[in-house]
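The values are calculated or read from the model by the stated rules, or taken from the named source; none is laboratory data. Here the structure is a predicted model, which is why all the values come from computation and not from measurement. Note: ideal-geometry Cβ built from the backbone for every residue, glycine included; neighbour counts use all protein chains shown.
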Amino acid sequence: MPAAALKQKPSPTQSTVQHPVLFDSPYEPLTKRPLPAGRPRQWYVSHNRRLKAMRLAIALLDSGIYLPAQARDETIRGTAEEIGMRPPSDTTCHMVRALMRYSR
C-alpha cells in the first residue's frame, strides 16, 4: 500500500500548509459586540444566516469543494456537522452555493 494512502485527510478547517506561518503578534480574536438594537427581527435572522453561510462556504473551500455544483445539500450539511454547527436549512444551503458562485 503506498504511503500516500496511509495519510489521513485533513479536516475541513485544518490548515494544509507545509511550512510554519509566522505572525508578528499572537492571535487574539476580536471582542464580540452586541448587534445594534431596534432593527426588525428579519434583519437579525438574515444577518445570522449570512454569517453561517460564509462559515460553511469557507469550510467547503478548505475541504476541496470549489464549485457550487459539487456542494449538494447533503455535502453542506455533512460539513456543518464536521465543524460542529447545526444543520443548515435549504435556504442557507442555497446561499452557500450562491456565495461560492459569485466569489469566483
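Take the conditions (1) hydrophobic (A, V, I, L, M, F, W, C); (2) closer than 30 Å to residue 34 by Cβ; (3) part of a helix (DSSP H, G or I); residue 85 misses just one of them, which is (3). Among the residues here, residue 91 does not qualify as assigned to a helix (DSSP H, G or I), touching a residue at least 60 places away in the same chain (Cβ under 8 Å) and surrounded by 10 or more Cβ atoms within 10 Å (Cβ to Cβ). Considering every residue within the stretch 45-63, establish whether at least one is at pLDDT below 95, in a loop (DSSP other than H, G, I, E, B), within 22 Å of the chain's Cα centre (by Cα) and not basic (Lys, Arg). Yes, the stretch 45-63 has at least one match.
Among the residues making up the stretch 30-44, those that are part of a loop (DSSP other than H, G, I, E, B) and among the basic types (Lys, Arg) are 32, 33, 39. The set of residues in the stretch 59-84 that are surrounded by 15 or more Cβ atoms within 10 Å (Cβ to Cβ) and aliphatic (A, V, I, L, M) comprises 59, 60, 61, 65, 71, 76, 80, 83. Going by what's in this entry, would residue 24 be described as of a type in the set (Asp, Glu), modelled with pLDDT under 95 and surrounded by 15 or more Cβ atoms within 10 Å (Cβ to Cβ)? Criteria not met by residue 24. What residue, among those in the stretch 59-86 that are without any contact (Cβ under 8 Å) to a residue 40 or more places away in the chain and β-branched (Val, Ile, Thr), is farthest from residue 102 (Cα to Cα)? Applying the filter and picking the extreme gives 75. Search the stretch 94-104 for residues being free of Cβ contacts under 8 Å to residues at least 12 places away in the same chain and closer than 26 Å to residue 35 by Cβ, and hand back the single one that is surrounded by the most Cβ atoms within 10 Å (Cβ to Cβ). Checking each candidate, the answer is 94.
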